[in-house]
Each structure stands twice: as structure tokens, then as C-alpha cells.
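Have a look at the structure below before the remarks.
The values are calculated or read from the model by the stated rules, or taken from the named source; none is laboratory data. Since the structure is predicted, the reported quantities are computational estimates derived from the model, not experimental observations. Positions of Cβ are generated from backbone atoms using ideal geometry, with glycine treated the same way; all protein chains shown enter the neighbour counts.
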Amino acid sequence: MVSLKKLVWKREKKIGLPPGTPVFVGEKKTEETKITILDYDETQFQQRDVKEVEECFPFKETPTVTWINVDGLHDVEVIEKIGKNFDMHPLILETNGTQVEQVSLILGKKYVISFQEREGDIFNPIRERIRNGKGRIRKMGSDYLAYALLDAVVDHYFIILEKDGEKIEVLEDKVVTDPRPDTLHEIHKLKRDMIFLRRSVWPLRELISGLERLESSLIHKSTHIYLRSRCLRSYDSSD
């Protein structure tokens, strides 16, 4: 399991409960949890939104690659049912709320399950690649799909860092001609955000490095090449 977090977890509501008890401790949500299934191989593709979590279960044993995406971590019952059917350890199912957003990835032999706090995300380009059969993704296994999703998250971090850097440059030029306190305040805020993002990237880089070294039947040699390349690009981009 890969859990990508942007801020520290809130654990107050879990005090006294057994380890692995799924309890959502983030901001209370009222919208329905949305579950989308993308199932594919090199020659065919299908996508559907499902109303009942049980509709995901047959895809556990299919010979094709299946991506099950769950938007919304607040429905504990849905997460429990997925965990039970896909043989996930209870500790994996802890739904810890964050102040920004959490994305979790679970890799199986023929499937990837992603959990997100809200709909609308950085994974849309990957969905398009699967739909259109572009690139190598439809020719590869679930491990490559997990790599592609992780790669998208890491790239998004660096896009934000780059944009914040550009904003700081503009504001610093503005300070020279119009040194107002609010401009200086905005510069300091952006710099604090960049420090936070860089600190967030470090665990991700270590995670990718660990996956690249991991000897597991779930990760094929062909995917190790891309993990190694991602690891090198992450170090170069953060210098």
C-alpha cells in the first residue's frame, strides 16, 4: 500500500480503538462515495461507475488489469467491504483524515485500488491513456499502472513547486518598486508552502527508491526500470 499525505493525520477519534479499526476522522462529508472501474488489456477496455461496492468483487480474479478508484474516504462501510474481499490487512484500512487530501494506492497481482478524498484529480490523463490505448500502459500489468499513478502524484508536486517559484519571482520584482507589507507577507507565505512541499516530496522519493529495490512478484523487472528513472528524476527536480 502507498499512502500519500499532504498534512499530518488527525488521530483523536481513534484513541482507545483496536489497531486497524476504520474510522474516518476528517471533515464530515455528505456526498456519496463514487466508485469507478476501469478494466483493460492490450485489446479491450471497459469503464463503468458502480452503485454497489459488491460489483467490484468479480474483478479480483480476472485475467485483465483492473483499476478500482474510490472517491470519498468517509464511507467506512465501503472501505471495509473492499478490504475484506481483497484480503487487505486491517491496518491498511485505517481512514485517517487530513486537512488537505489523502491518496492511497493498493497493488494486487491484477488490480490497483486507489482511494481519494474527493472527485476530480490528477489521474485524468492516465484514464485518457487507458481509454485511447496510448503509450504502453495497456500492454503492461497492474504494477505499471501503480507506477503511473504514483508518477502523476510526484509530478504534480513539482508542478506546484515550479508555479510557486514563479510567483515568488514576480512578487520579489514588485517589492523593488512597491515594497508593501502585504507583498512581503505573500512572499513569506509562498516560501513556507514551498518548504512544506519539499518536505512532503522527501518521503515519496524514499518510497519510490524502496519500491525500486523491492524484490516482489507484484513488481516485474520491466517496471523496475521506470521506478529507477522516476527516482532519478525526483532527485534532479528537487535540487
**Request:** Would you mind stating whether residue 109 is at pLDDT 90 or above and assigned to a loop (DSSP other than H, G, I, E, B)?
**Result:** yes
**Complete:** Conditions (1) at pLDDT below 90; (2) surrounded by fewer than 16 Cβ atoms within 10 Å (Cβ to Cβ) -> residue 169 fails only (1)
**Lone unmet requirement of (1) more than 15 Å from residue 38 (Cβ to Cβ); (2) aliphatic (A, V, I, L, M); (3) surrounded by 11 or more Cβ atoms within 10 Å (Cβ to Cβ) for residue 149** = (1)
**Message:** Go through the range 124-146 and report how many residues are closer than 25 Å to residue 87 by Cβ and at pLDDT below 90.
**Reply:** 0
**Asked** Going through the range 108-157 one residue at a time, which ones are in contact with a Ser or Thr (Cβ under 7 Å, 6 or more places away or on another chain) and β-branched (Val, Ile, Thr)?
**Response** 112, 154
